[in-house]
Amino acid sequence: MSHADGARVAYRTCHLCEATCGLELHLDGREITLVRGDRADVFSHGFLCPKGTALKQLEADPDRVRQPLLRDGERFREVSWDEAFEAIDTGLSPLRERHGNDALAIYLGNPNAHNLAGLVYNRAVLQAAGTRNVYSASTVDQMPKQVSAGMMFGAALSIPVPDIDRTDYLLILGANPFASNGSLMTAPDMPGRLRNMRARGGKLVVVDPRRTKTAEEADEHLPIRPATDALFLLALVEVLFADDLVDLGAVAPYVNGLDDVRDVAREFTPESVEHVCGIDAATIRRTAHELARAPAAAVYGRIGTCTQEFGTLTSWLVDVLNVCTGNLDRPGGAMFTLPATGGANTGGTPGKGRGATFGRRRSRVRGLPEFYGELPVVCLAEEIETPGEGRVRALITVAGNPAVSTPDAARMQRALASLDFMVSLDMYVNETTRHAHVILPPEPELARGHYDLALYSLAIRNVANYSPPLVELAGGEVPEWRTMLRLAGVLAGMGAHADADALDDGIVAGLVHKAVTRSGSNVEGRAADELVQALAARRGPERVLDFMLRTGPYGDGFGADPDGLSLAVLEAHPHGVDLGHLQPRIPEMLRTPSGMIELAPRACVDDVERLRAARLRLDSSNGVLVLVGRRDLRSNNSWMHNLPVLVKGKARCTVHVHPEDAQRHGVRDGHEVRVRSSAGEIVLPVEITDSVRPGVVSIPHGWGHDTDGAQMQTAARNAGANSNVLSPGDLYDPLSGNAVLSGIAVELVPVAVAVGADVDGR
Ligand code: SF4
């Protein structure tokens, strides 16, 4: 592709959050001169948030790593790609030969979910590494939802999303889509969609310990006590049964376990939970009735429901409510996307599958089970630090910053510093990658193609939009997919000069072979050579994407359906292709062994006992301050704090404290306070506000950029404090291994008072 210099306009999907907005980019050569929302985008219709415009600063950021870096004592020096890979081979190969594959751990950060190359080729790196020590940001985020979806519907991404454009009632728990723009629910312009829902007579109810922007815009805000959502949801379920409101609707023939759910919910009457949840029984009853009687309704839970001690239980109950009110899989309810590239619930035999199994292996030190092939990241630091056979001695991070993003962050930083060898695929020298021995940068965003493979699986409409590369690679820049395959080659023992093209050919040949031999595939029985030939004009992720589109639910089947999708079709539609409203998909999307919705998975039902025990603890702990997170519209990943446009203005890394608590603990607005937990302590400014309920303090995550060795100048000037220093590494949701970041007991101590003074600061 050739790109003439000079001014031009191009279109591209924003990769900075899950909303997949279309951007109109004004370019002058390689430089972005203006970013606007793309009004013709079939999904976002011109919407964009302040982060979208930051793409210009991100591409031009002088702190970005542009060439491979090799550690040289305390510093890094730029080296050639060959030198970098030779260093990796020298650093990793003997270490793995001596100590085994498990001596190498891999950590995948959240940006991989927005990266076509990562989603296609990380698998090759993991397979070549052959280690059980695979970790990701999923276990500080959405793993509970993936586990409950796997147990109920048979696949990790079989997560129902609210059909927000057609619903009449939306109950949101632990989410703030006015700031996040939606998560596990891909929907550009969430503010507009929620306002439209209300304008057409719908009702928005927000359950959150904070009066978020979304709560402010809602019809009703229920300020729940942190980590008690499962009790609240069980009480809603109890009312549905007690008041004869359960109606499964069209999915009724496909539901197992309804009686078990009734039995388990029976004791959780609204009166029995109101004191613990902080929501009165009458409101709980009314909410259950409204939910059941709305023409179409959806319950949606997000980060606050996942990063708590009952994350999987809560995630499960969200969908129990969707099923019990007849809202699962119906227009206006909670529905399943049918993504253009297919997925775990479009392949194989429709309506049946192997389901999800967990715990096929366990972590060495604590014995925690794996989930979907990865171990909980709460285990990573101890796997590095604990001596003995199988200790993690080397680490590869791919677009991740575990030093900031994972629990017990102080310990994690010590653990990273102790590694024998570390490789990071990253665009910054950040709090994590400063420990690396080799850093391999990605190419600029505009030099790569983009397609939201993962996010379009959770979209509230069926859509497909491909963004081609807009600029040529400059000297020394290498596409990340080639870097990943070359790294996979090193890990597979091919040496530093592994042939990425040959590995890519092998991957494509394997995919094609699987498709032509798979019963029910739209290319079943076709000649593999012919298909490989048809794909030959492309390489890398684009070739794989073309294959996935053509063999996907709307695909052209390599000529079988001339009107079907292919990458060429998407290239001809720069504003995307709208494939319509979500359609009912049960039973064909189910992949449970029974072919049924498992409404009462044994693990969830059994976990209610833990909740029962905690009810007493939670009820008696009124008066204890607990920490919750906070999302800001101008922040998402920690690296966004290096973009001036996203950190300008008033400091946002503050602790929100309710006026009553401020008075009780002697802290003053604008003054610094020490926030202390069993794991550690941080100091940051206080913001007194009644937007948090009494007993709750709130700190945003992803900050704490005052670390020696990191090379992010803007972030360092706006350092903030790392909230994960406060999250204990021994707190996790046992059903998913997810870290507990919300509901942690903390103390506030004015900084003028010596550490060790009591909570009142006297
Ligand atoms: S909402 Fe998300 S996808 Fe849309 S412009 Fe903002 S960051 Fe980009």
How large is the charge dipole for the chain, taken about the Cα centre, if only the Cβ atoms of Lys, Arg (+1) and Asp, Glu (-1) carry charge, to the nearest 20 debye?
400
Under the Karplus curve 6.51 cos²θ - 1.76 cosθ + 1.60, θ = phi - 60°, whole-Hz ³J(HN,Hα) for the range 98-115, x wherever Gly or Pro sits:
6, 10, x, 4, 5, 5, 10, 10, 10, 10, 9, x, 4, x, 4, 5, 10, 10
With a cap of 11 neighbouring Cβ atoms within 10 Å, and only residues DSSP puts in a loop, list the trypsin sites (Lys or Arg not before Pro) found in the range 185-262.
200
Which value, in Å² rounded to 10, gives the accessible area of residue 499 with a 1.4 Å probe and all protein chains present?
80
Near the amide H of residue 38, under 5 Å away, which other amide H atoms are found, from residues 5 or more places off or on another chain, if H is placed in the peptide plane?
22, 23, 24, 46
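What FRET efficiency comes out for the pair residue 28/residue 196, r = Cβ-Cβ distance, R0 = 22 Å, nearest 0.05?
E between residue 28 and residue 196, to the nearest 0.05, is 0.05.
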Taking amide H positions as placed in the peptide plane 1.01 Å from N, state which residues far from residue 136 in sequence (5 or more) or on other chains have amide H under 5 Å from it.
108, 377
Using only alpha carbons, build the gyration tensor for the range 389-430 and give me the equivalent ellipsoid semi-axes, biggest first, whole Å.
17, 14, 8
Quick one: what are the phi-derived ³J(HN,Hα) couplings along the range 259-275, Karplus 6.51/-1.76/1.60 with θ = phi - 60°, whole Hz, x for glycine and proline?
5, 5, 5, 4, 4, 5, 7, 3, 6, 8, 5, x, 5, 7, 10, 4, 5
How many angstrom separate the Cα center of the range 425-458 from the Cα center of the range 655-692?
35
Which whole-Hz ³J(HN,Hα) couplings does the range 14-19 yield from phi under the Karplus relation 6.51 cos²θ - 1.76 cosθ + 1.60, θ = phi - 60°, glycine and proline marked x?
5, 9, 8, 8, 8, 7
Give the separation of the Cα centroids, the range 272-327 to the range 204-268, in Å.
2
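By how many nm would the segment from residue 83 to residue 358 lengthen if fully extended, with 0.36 nm per residue of separation less the alpha-carbon distance? Could you put the intermediate results ahead of the total?
On the way: separation 275, 0.36 × 275 = 99.00 nm, distance 4.01 nm.
Full extension of this stretch gives 95.0 nm more.
Send over a whole-number figure in Å² for the accessible area per residue of the chain, probe 1.4 Å.
On a per-residue basis, 35 Å².
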How would you order 223-234, 303-314 from highest to lowest mean count of nearby Cβ atoms within 10 Å?
303-314, 223-234
Before anything else, pin down the relative contact order of the chain: Cα pairs under 8 Å, at least 6 apart, normalised by residue count, whole percent.
19
As a test of the formula, what do you get for the chain when each DSSP H run with n ≥ 4 contributes -39,500 (n - 2.57) and the sum is divided by the residue count, at 222 nm and rounded to the nearest 500 deg cm²/dmol?
-9000 deg cm²/dmol
Under-5 Å amide H pairs with residue 579, H placed in peptide plane, nonlocal only
462, 463, 464
Contact order relative to length for the range 542-630, counting C-alpha pairs under 8 Å separated by 6 or more residues, stands in percent at 13
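What translational diffusion coefficient, to the nearest whole µm²/s, does the chain have by Stokes-Einstein, given a Kirkwood radius computed over alpha-carbon pairs, a temperature of 20 °C and 1.002 mPa s viscosity?
Numbers: Rh = 26.6 Å.
Estimated diffusion coefficient is 81 µm²/s.
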Using the Kirkwood radius over Cα pairs of the range 604-720, the Stokes-Einstein translational diffusion coefficient at 25 °C and 0.890 mPa s, in µm²/s and rounded to a whole number, is 152
Please work out the Cα center distance from the range 337-360 to the range 480-528, rounded to the nearest Å.
21
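The values are calculated or read from the model by the stated rules, or taken from the named source; none is laboratory data. Here the structure is a predicted model, which means the values were calculated and not measured. Quick reminder, even Gly has a Cβ in these numbers, built from the backbone with ideal geometry, and neighbours come from all protein chains shown. Ligands, DNA and RNA are stripped out before the accessible areas are found, and what is left, the full protein with its side chains, is counted by its heavy atoms. Shrake-Rupley method; radii C 1.70, N 1.55, O 1.52, S 1.80 Å.
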